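These notes are about the structure you will find just below.
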Amino acid sequence: MHAKTLDSMSLKIQSFLQNTGVQTPNSSNPSQLIAYFEREYDLKMMRFLEKEWISEQIERDLSSGSFAELRAFVSEDQLNDFDDDVASLNA
C-alpha cells in the first residue's frame, strides 16, 4: 500500500486565519479561534475549511504526480476506470 502524507487540518486553519488578516501566534489553538469566529459571527467555518482542505489535497496530488505514481499499482483491467476517475477530479 502506498501512503501519502497530508497537511494537517490545524495548519489549514492557521493558514486560513492568517490569509484573512487574523494574526495568530504559533501557540494559538486553531480550534479556539474557529470557535470564536463561529460563536461571534454565527459562521459555519469547519465545513468550509474541510471542503477547501480536501480540494487542495486533491489538486496538489494531481499536480505533483501522486496519482501517476499510484497508477503503477492499478491492475491493467482497471486502468481506464482509474484514468476516468482521476480526470473527473480535475474537472
* Ranked by accessible surface with a 1.4 Å probe, highest first, in what order do Tyr36, Tyr41 come? -> Tyr41, Tyr36
* Structure fact -> With the charge dipole of the range 42-81 built from beta-carbon charges (+1 for Lys and Arg, -1 for Asp and Glu) about the Cα centre, the Cα from Asn80, Phe67, Ser55 projecting farthest to the positive end belongs to Ser55
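The values are calculated or read from the model by the stated rules, or taken from the named source; none is laboratory data. Values in this document were obtained by computation on a predicted structure and should not be read as measured data. Positions of Cβ are generated from backbone atoms using ideal geometry, with glycine treated the same way; all protein chains shown enter the neighbour counts. Ligands, DNA and RNA are stripped out before the accessible areas are found, and what is left, the full protein with its side chains, is counted by its heavy atoms. Shrake-Rupley method; radii C 1.70, N 1.55, O 1.52, S 1.80 Å.
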